[in-house]
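Q: For reference, the structure I am asking about is given below.
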Amino acid sequence: MILFGFPHCGDVAKSYLAWSHGLPAHVKFQCVELIHAGLSMREVYSARWEQALEEACAFIKQHLEPGEEYVLIGHCWGSLLAFEVSHRLKEDGLAEPRHLFLSGCSAPHLLRPRAEAGGPLGRAAELGCQPAEEYRTPLNRGPLRARFSIFTGNKDEHALADQLAEWSRYTSKICDVHVCEGDHAFWRADSVKWLQLTQTIVEREYLI
């Protein structure tokens, strides 16, 4: 099995790499590499967003062996990208990921433009996972068959804990929610903890 970690507008690579050194030898971890790794929610309707989707899909296809199972891990913008990449891979005829681990991102139908969220457009780091304009998932596509595990900080104003169960409408499998200490940047201090929980779920559900 291979675990793919998606970039976001902060520096999560060090956290991913520090945690991934402790994975079992038969589990591979790979950071998804994009030309514009520092993209934010401002680009969800731009050509750069489409480029990111294409690059991420190509990267995953390149690193997967035939028949190999995989899961996707993302935070903030990376969560939305991982979710949309899952659908794009499905459309391309590739087997879906077994599991999506999504952190710090509201369910797609609850994402609101930044102006509506109550902050100026320039404060991207503080505003967190909020698009610059309304984001809607494409119509007429069914739920994924991947299991979802959703993470947030208990003070994250942009991925409210009591709303995260709404992600369940996008999967036909189990959707569980985990709340950590902290705000939208909770992963900075607690990343190893939630990534280790990711590892525990992977080992329990798929490797035994």
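Each value in this text was obtained by applying a stated rule to the coordinates, not by laboratory testing. For clarity, every value in this text was computed on a predicted model and none was experimentally measured. FYI the Cβ positions are ideal-geometry reconstructions off the backbone, even for glycines, and counts take in every protein chain you see.
Q: If the cut-off is 27 Å between C-alpha atoms, which lysines fall inside it for Lys61, apart from same-chain ones fewer than 8 positions away?
A: Partners found: Lys14, Lys28, Lys90, Lys173.
Q: Assuming R0 = 25 Å, can you tell me the calculated FRET efficiency for the pair Ile2 and Asp176, based on Cβ-Cβ distance, to the nearest 0.05?
A: 0.70
Q: Follow-up. For every other residue with a beta carbon closer than 14 angstrom to the beta carbon of Phe4, add +1 if it is Lys or Arg and -1 if Asp or Glu, then tell me the sum.
A: Around Phe4, the charge tally is -3.
Q: On to the next question. Count the net charge of all other residues whose Cβ sits under 11 Å from the Cβ of Ser149, scoring Lys and Arg as +1 and Asp and Glu as -1.
A: 0
Q: Glu84: net charge of surrounding residues, Cβ under 14 Å, Lys/Arg +1, Asp/Glu -1, itself excluded?
A: After counting each charged neighbour, the total is -2.
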